[in-house]
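The values are calculated or read from the model by the stated rules, or taken from the named source; none is laboratory data. Values in this document were obtained by computation on a predicted structure and should not be read as measured data. All Cβ positions, glycine included, derive from the backbone under ideal geometry; neighbour counts span all protein chains shown.
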Amino acid sequence: MKRFHIILLVLIAAAIAVIVSLVGDFSTYETFASAARHPNKEYRVIGELDKAMPQVYEPQKDPNYFSFYMKDKAGNVRKVVYLGSRPTDFERSEQIVLTGQMRDSVFLSTQILMKCPSKYKNDQVAISQMSSTDSHIAK
Amino acid sequence: MTTHYIGEHLFPGQIGHLAVIIAFISALLATISYVKASLLQKQNLPDATSWKKLGRAAFVIQAVAIFSIFGLLIWIISHHYFEYYYVWEHTSRDLALKYLLASLWEGQEGSFLLWAIWHAILGLILIRVAKQWESPVMSVISFAQCCIASMLLGIYFFGYRVGSNPFILLRNAGVMPFEPGPNYLSMIRDGAGLNALLQNYWMVIHPPVLFLGFASTIVPFAYAIGGLWMKQYSEWVKPALPWAVFSAMVLGTGIMLGGAWAYESLTFGGYWAWDPVENASLVPWLTLVAGIHTLLVYKHTGHSLRSSFFFLIISFILVLYSTFLTRSGILGDSSVHAFTDLGMSGQLLVYLFVFLIPALGLFFYRYKHIAAPSQEEPLHTREFWMFIGSLLLFISAVFISFTTSIPVWNKIFHTHMAEPVDREFHYNRIQIFIAILLALGTAVVQYYKYKQESWSYLRKKIAIPTLIAFVACVIFGWLSEIHYTKYGIGFLTAIYLLFFVSIYAVVANLSYIVLILKGNWKKAGASIAHAGFALFLIGVVLSSAKKQVISIDRMGMMDVFNFSNKNENPRENVFLPFGVPVQMGDYDVTYIGDSTAPGDPKIYYAVQFADRRDPSKPLFTLYPDILKNTKGMQGYSANPHTQHFWDKDIFTYVNYASNIEPDQSDTARYYTHELQVGDTVFLQNGYLILKSLYRNPVKPVYHPAPGDIAVAAELSVFSGGHSYRADPIYYLRGNEQGAIDDTISSLQLYLHFAGIDPQAKKILLAIKQIPPKDHFIVLKAYVFPFINMVWLGVAVTILGFLISLIHRIRQQIGSRSSIKKSSYAVQEMET
C-alpha cells in the first residue's frame, strides 16, 4: 500500500469522525412541549406572535428584557422572554424562529429570527392619489 | 382590441429583449462552432480554423449583445422608465446617481447579467491569448454563456418559463392592483426603490468584484476540461496557472469586500458570521487555492496532476452549487442575504448537473490516462507537504459545505434538521485546527526543496526564523492577554496555538524573502501571500477572542430568572437617557441628540464618548443611525457607526430609540408660562430667557398674509453648557390667531407662543420638554482590538497574489517569445 493511500484512508476516517460530530451539533425544530422535556437543552421553536397577548419592553427599567407570547406549530401559547432589545418591526413578522430553552413554563430565548412579508411576493404598486385615479378612469 | 398606453417607451425594451435572444442564439452558435473546431483540431484536420473563426464571430456578436443589454438597462433605469418592472422594482426617482449600478444588480437578472459581462470580457481576452487552447476553452465558456443568457430569456417552452426577462413591463408583471387603463403610467409616480440597506458604496463595488471572481473560475476549469478532452493532459497546466491565480485573487478580494461591508454597515457585530451565503463563496475559493498549489507541484515535479484536475473542476462546480444555494430560495430562513426565489430553481439545478456530470464523468473516464509518477514523492520534500496542505484546504471545504448544505440534506432525505444553535462555534471549533495546520505549513514547507529529501537543509535554514519566532511568541503571547474562556480551556489553548503558529508563519515567510530569496521580490509572491494570510489569522484571533462588549447594562431590574452567571444573561444593551453620561468600559458615553435631514430616511443619533478619567473633554462622537421604511421591511433597521483607531475599533449601533415609535414616547404635556421680557423659566436641564419681542419676523415656515400682525419671541436657551436660540411666532390674521412653533430638537424642547396680554406686557409661552427618561436610545457597543490586522492581512495576501500573477504572466510571455525565437532559428537554418 502506498503512502498516498494510507494518508487518504486516515483522512477519510478523520473526516467521517468530524462529520459525525458536526451532525451532533445540528439542531431540530421542536414545539414548546417537546422542548420542555429537556429543559436544559437549546432548541429552535417556530411559531407566530400571539398579538392578543401583551408584549413588555420597557428599556427604562431593563433594556435587556423583552417578553411576549408565541403560538407554536402545535397551537400552544407560551410566554417567551428574550434577553435583549425588542426587535424592530416585531409586530409585522409572519413567522418567528426562536432559539432557546424552556424554563418552567417560560421559553427563555437567546435568539429571535423573524420572517417578514417578502419584499418580492407581496409587492403592490403604490398609487398616489387614488381620487385622481377614479377621475381618470371615469374619462 | 389592443389598448394604447400613453407615455410608455417600449423601444428600448424591444431592442433589449431582442439582444437577449441574439445573445442566447449567438452563444449557442459559438458553442457549436468551437466544439466542431476542437474536434477537428484534435484530429489535426485543416477545417478547424474556419470553424474557429465562425466561433469567434459568434462570440463577439454575443458579447456585443450582452453589452447592449447592460447599456439598455442603464438607459431605462437612469430615465426612470417605470413602465419597466425592473426599473420600478429596484429604483426610485430620489435614488442618487451613484447607486444606479447598485440598483442594477439588486435583482437576480442584473446579477446574472453582471456575470455574463465578465464571461464575455474574459472570453474576448482568451480569444486573443489562448492560441491553440482557444477552441476547447472557448467551447466551455460559450456554453456557459448560453446557459446564463437563457436565464434572461423569459420565454415559455412547453409551459415552463426559461429565465426571467429584465425588460418585462410593469403592467405584465402581475403586480398591478387594478386593470391598467390607457393612462396608467401617469399614476405611477415612483418606483419601489433600492433597499436602503444596499444604498452604500459597498454595494457599488462588492458585487462586480465578487462576480468577476465567480466568473473567472471558469477559465482554469475550461483549461482542465480542454486538457482532458484534447488528451493533452499536461500542456494546459502552464497557461491555466496564471488564470487560477487571478481567479483566486479576485474571488478572495470579493469575499473580503463582502466582509468589510458586513462589518461597516450591518449589525452582525463582525466581518464574518459563517452565513450560508458567505460560506458558499468561500468554499470554491478554498478548492481553487488547493488547485493552485497542486498545479505548482505538478509544474515542478510531475506529481499531483490528477488532483489538479479535480480541484479546478470542482471549484467551478462549487461556484454553480453556490449559485444554486443562494438563488433558488432553498436557504430560506437560514441566511440573512440570500436572493429570493424567482422560480428558476429547477433551471439552476439543471445547469449544475449539465456541468457536473460531463466534467466529472470525463475526469474519471480519463483518470487512468493522466500521468502520475509510479515513484511516490519522498516524505521530506516540498511537493509532498504542499499536497497535504491542498488536501487540508479541501477537507476544510468539505466540512463547511456539509453544514451549509443542511437545507439540501433536508430536501434529499426528507429530514427536518436545523442549523446548529451556536453557529459560529460549530464552524470555529473545527476550522481553527485546520487553520493551525495550514499556518504551520505556510511557515515550514517552503524551506523544503522540490524533488529531493531536504530534511537536513530545512533544519539548517529554518533554525534562525524559528528562534526569532519563538522570542516573538513569548513576548506577544505575554502582551496579548487573551482570556477567552467562553468555550473552555481547550478552545483557549487552540486560540493561543493559532496565535503562535501565525506569528511563526509571518516570521518564517519574511525570513524566507530575506534569507533565501535575498530580497528578490519577483519571486516572493507566495511568501508575501502566506505572510498576509498569517497576519490575517492574527487579526482574526485578536479581534474575535478579545472582542469586548462595553455596553453592559448594570441597572436591569426585570431579572426574573435569577441568573447566577454572566454567560446566561449577558446584558449587552445599555439604556442611554438623553444627556446623562453612562459608563462603558473606559468611556463615559452620552446621548447628546439626534438629527434627520430632509430626503434622507435615516435618523442619526449623536453619541459622545469621553475619557472616564477626564469626562469634561469629549474624545469623539459617533453617529449610528436608524433607517426608516427600509424597502420590504416598512419598519426600522439599524446601521452601525465605528470609530477607527490604529489598534482598535469602537463599534456602535442603536437597537431601540424612543422616537422611532413617537406615539409611545410623547407623554409630556405643555405648561404655560406668563413672561415679560427678561424673565427666566427653568427647564429640566437648564433655563430659558425671553430676550425680546420683535415685529414682522422672517422664517421659512411662516408665510405672512397681507394684514398680518405678527410678533416673534426671541428666546435664549442654556443647557448642558450650550446655548440655543428659538423664535416662536404669534400672529393675528383678521379675527383669527395663529402660531408658528419652534423646537430645539436636541433638547426635546417644544415652544409654543400662545398669546399676548398687551396691558400687562406679558406673553403666554407654552413649553413642553420630553423628560430624559422618555427620550433615550438603547445602544450596543463593542471594542474590536486590532481589527486593522485583518484588513492589513487581506491586503498583503492580495499583494502577494498580484506579485505572483505578474511573475507568472511574465514567465509565459518570456517562454512564448523564446519559442518564437527558436522557431525563427529553425527557419533560418532551413533557409
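What are the residues in the stretch A:72-114 that are hydrophobic (A, V, I, L, M, F, W, C), closer than 17 Å to A:His38 by Cβ, in a strand (DSSP E or B) and more than 9 Å from every other protein chain (Cβ to nearest Cβ), if any? First the steps, then the outcome.
Pass one, the stretch A:72-114, residues hydrophobic (A, V, I, L, M, F, W, C): A:74, A:77, A:80-81, A:83, A:90, A:96-98, A:102, A:106-108, A:112-114.
Subsequent filtering for residues that are closer than 17 Å to A:His38 by Cβ retains A:74, A:98, A:102, A:106-108.
Filter once more, so that each one left must be in a strand (DSSP E or B): A:98, A:102, A:106-108.
Result: A:Leu98, A:Met102, A:Phe107.
For the stretch B:421-440, a residue qualifies if it is among the aromatic types (Phe, Trp, Tyr) and surrounded by fewer than 18 Cβ atoms within 10 Å (Cβ to Cβ), and the qualifying residues are B:Phe425, B:Phe433.
If only one of B:Val219, B:Val250, B:Val245, B:Val237 is within 28 Å of B:Met151 (Cα to Cα), among the aliphatic types (A, V, I, L, M), surrounded by 18 or more Cβ atoms within 10 Å (Cβ to Cβ) and in the same structural domain as B:Pro284 (by TED's automatic domain parsing), which one is it? B:Val250 is the lone residue from the list that is within 28 Å of B:Met151 (Cα to Cα), among the aliphatic types (A, V, I, L, M), surrounded by 18 or more Cβ atoms within 10 Å (Cβ to Cβ) and in the same structural domain as B:Pro284 (by TED's automatic domain parsing). In this structure, B:Phe402 does not qualify as within 14 Å of chain A (Cβ to nearest Cβ) and touching a Ser or Thr at 6+ places or on another chain (Cβ under 7 Å).
A quick yes/no check of all residues on (1) more than 30 Å from B:Phe786 (Cβ to Cβ); (2) modelled with pLDDT of 90 or more; (3) crowded, with 18+ Cβ neighbours inside 10 Å:
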{"position": "B:Phe536", "(1), (2), (3)": "no, yes, yes"}
{"position": "B:Asn565", "(1), (2), (3)": "no, no, no"}
{"position": "B:Phe578", "(1), (2), (3)": "yes, no, yes"}
{"position": "B:Pro601", "(1), (2), (3)": "yes, no, yes"}
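Determine whether B:Ala472 is within 22 Å of B:Pro785 (Cα to Cα), surrounded by 14 or more Cβ atoms within 10 Å (Cβ to Cβ), in contact (Cβ under 8 Å) with a residue 12 or more places away in the chain and not acidic (Asp, Glu). When the stated conditions are applied, B:Ala472 passes them.
Okay, residues lined up against (1) over 23 Å from B:Thr404 (Cβ atoms); (2) within 11 Å of chain B (Cβ to nearest Cβ); (3) in contact with a helix residue (DSSP H, G or I) (Cβ under 7 Å, 6 or more places away or on another chain):
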site: A:His5; (1), (2), (3): yes, yes, no
site: A:Ile16; (1), (2), (3): no, yes, no
site: A:Leu22; (1), (2), (3): no, yes, yes
site: A:Lys61; (1), (2), (3): yes, yes, no
site: A:Met70; (1), (2), (3): yes, no, no
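Just one residue in the set B:Ser92, B:Ser111, B:Ser186 is within 16 Å of B:Ile69 (Cα to Cα), modelled with pLDDT under 90 and out of contact with any strand residue (DSSP E or B) (no Cβ under 6 Å at 6 or more places or on another chain); that residue is B:Ser111. Would you check if B:Phe24 is under 30 Å from B:Leu185 (Cα atoms), among the aromatic types (Phe, Trp, Tyr) and in a helix (DSSP H, G or I)? No: the conditions fail for B:Phe24.
In the list B:Gln431, B:Gln452, which residue meets the criterion of being polar (S, T, N, Q) and either touching an Asp or Glu at 6+ places or on another chain (Cβ under 9 Å) or at pLDDT 95 or above (or both)? From the options B:Gln431, B:Gln452, the qualifying one is B:Gln431. Within the stretch B:144-189, the residues that satisfy the criterion of being within 12 Å of chain A (Cβ to nearest Cβ), over 36 Å from the mean Cα position of the chain (by Cα) and part of a loop (DSSP other than H, G, I, E, B) are B:Phe178, B:Glu179, B:Pro180, B:Gly181, B:Pro182, B:Asn183. Applying a threshold of 8 Å to beta carbon distances and a minimum spacing of six or more residues, or different chains, the list of pairs starting in the stretch B:642-656 at a residue that is within 22 Å of B:Leu576 (Cα to Cα) and ending at one that is among the acidic types (Asp, Glu) reads B:Thr642/B:Glu264; B:Thr642/B:Asp649; B:Gln643/B:Asp649; B:Val654/B:Asp625.
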